[in-house]
């Protein structure tokens, strides 16, 4: 069982996201429509579990599926839908997870839910 820890906001979280965005753009290329920093680490000043949550919008989930080996090559574990229909979920960092990726086809209703949490006026 993993133990979850909540820590004070870290000003490095946006930089860690930007670094991972660059890696993902190089790894996935034109499959990506948009990349968003989501979850607690995307909200300035908010305490969070220290895991960078990323939402990737893609035009076609099957194209993303074809790049699973490339994602494994940059340290991600491919987890398929992992309980959410039409999502592709990836984790990085083993049991000490550092990154979660939630990928959906552009227009999926789940995208709005994730962005609403980030954009809520805390």
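Only the coordinates and a few stated rules stand behind these numbers; no lab work does. None of these values were measured; they are calculated from a predicted model. Positions of Cβ are generated from backbone atoms using ideal geometry, with glycine treated the same way; all protein chains shown enter the neighbour counts.
What to note about this one:
- Fraction of beta bridges assigned by DSSP in the chain that are antiparallel (%, nearest 5): 70 percent
- In degrees, nearest ten, helix 109-119 long axis to first principal axis of the chain (Cα): 30 degrees
- Arranged from fewest to most other beta-carbon atoms within 10 Å of their beta carbon, 61, 4, 115, 55 become 4, 115, 61, 55.
- Residue 65 paired with residue 47, simple spin-label distance in nm, labels 7 Å along Cα-to-beta-carbon: 4.2 nm
- Rounded Å value of the spacing that divides the Cα centres of region 26-105 and region 1-15: 17 Å
- With the simple spin-label model, which puts each label point 7 Å out from Cα in the Cβ direction, the residue 26 to residue 3 separation comes to 3.5 nm.
- Across region 13-119, the mean sequence separation of Cα contacts (distance under 8 Å, 6 or more residues apart), normalised by length, yields a relative contact order of 26 percent.
- Cα long-axis angle, helix 13-28 against the chain (0 to 90 degrees, to the nearest 10): 10 degrees
- Helix content alone sets the calculated 222 nm mean residue ellipticity of the chain: runs of n ≥ 4 DSSP H residues at -39500 (n - 2.57) each, divided across all residues, give -9000 deg cm²/dmol.
- Exposure proxy ranking, count of Cβ atoms within 10 Å, fewest first, for 53, 108, 8: 8, 108, 53
- Ranked 1, 12, criterion: other C-beta atoms within 10 Å, fewest first: 1, 12
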